[in-house]
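Single-structure report; data block below.
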Amino acid sequence: MALMSERRLAMFPLSTVLYPHSDLPLHVFEPRYRKMMTDCLAADGTFGVVLIDRGSEVGGGDHRVAVGTVAHIRAASPQPDGRWVLLARGAERIRVLDWHDDEPYPVASVEPLPDEEIDPEPEDVERAAQRVRRVRALLSELGNHPPLPPDALDGSEPLEQVWRLCAATPLNTFDRQRLLEAGDPTARLALLSQLSDDLADDMTRLLAGRPEPDDEA
């Protein structure tokens with residue numbers, strides 16, 4: 001369900017960034033978020049996800065960024081002890097206008113934050129994909145990430161492909177948030193290419209300095 005105007009939305013601050021079209025597995029154990037999920041499932045099955053840039057997910061007292069994503073619950077399994085195991089998927093971006101009382105769980109007034117309607121050029125998407133593949137290939141040599149599958153972008157529209165590439169790039173949360181906040185798909189692709197090149201350069205230097213197997217004691 002697309003956001004058409006300002007609304008109040010249950011919010012789940014996390015130490016991760018959720019992109020549109022990306023899946024988010026959740027293990028919900030804190031009592032206030034268990035209640036939130038029960039309420040969300042009884043309504044339209046949506047909640048907001050924003051990054052905590054300082055503080056902790058548990059117990060409150062965190063500092064939250066202003067731009068996040070609406071999450072749609074796709075599957076939910078209640079556990080005998082009251083916990084929830086959930087799978088949600090990112091939908092549209094949102095901007096938080098105002099935080100309300102956190103009791104019984106965080107709620108905010110949010111507005112939609114649509115991308116400017118600029119369709120990325122297929123050539124730009126492919127160039128960015130090549131950079132992401134390079135990063136994943138380099139990291140696979142370190143045993144950290146598998147290579148990007150050749151069919152990772154198949155069956156999706158260009159706008160979705162951009163988000164899939166963002167999700168597939170192993171960046172820190174600060175840089176992932178920068179990609180989420182980019183104003184349009186073209187700007188997002190340019191930033192993704194820059195961040196991927198910087199990371200690839202770091203990995204190349206790291207691999208160049210790694211001792212050969214025969215040199216290891």
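Just one of the numbered conditions (1) free of Cβ contacts under 8 Å to residues at least 12 places away in the same chain; (2) of a type outside the set (S, T, Y); (3) closer than 30 Å to L97 by Cβ is not true of E126: (3). Of all residues in the range 173-192, none that is at positive phi has its Cβ atom under 7 Å from the Cβ atom of a residue that is modelled with pLDDT under 95, 6 or more apart or on another chain. Inspection of the range 27-36 identifies no residue that is among the hydrophobic types (A, V, I, L, M, F, W, C), closer than 27 Å to R188 by Cβ, modelled with pLDDT of 95 or more and not in a helix (DSSP H, G or I). Selection within the range 144-184: residues that are hydrophobic (A, V, I, L, M, F, W, C), out of contact with any Pro (no Cβ under 7 Å at 6 or more places or on another chain) and not in a loop (DSSP other than H, G, I, E, B). The member of this set that is surrounded by the fewest Cβ atoms within 10 Å (Cβ to Cβ) is F174. Looking at the range 42-53, is at least one residue exposed (fewer than 13 other Cβ atoms within 10 Å of the Cβ), in a loop (DSSP other than H, G, I, E, B) and modelled with pLDDT under 95? No, the range 42-53 contains no residue that is exposed (fewer than 13 other Cβ atoms within 10 Å of the Cβ), in a loop (DSSP other than H, G, I, E, B) and modelled with pLDDT under 95. Note on the range 130-164: residues that are of a type in the set (D, E, K, R) and without any contact (Cβ under 8 Å) to a residue 60 or more places away in the chain total 5.
Note on the range 92-114: residues that are crowded, with 18+ Cβ neighbours inside 10 Å and in contact (Cβ under 8 Å) with a residue 60 or more places away in the chain total 8.
The values are calculated or read from the model by the stated rules, or taken from the named source; none is laboratory data. Everything numeric here is computed off the predicted structure, so don't read it as measured data. Cβ coordinates were reconstructed from backbone atoms using ideal geometry, including for glycine residues, and neighbour counts include every protein chain displayed.
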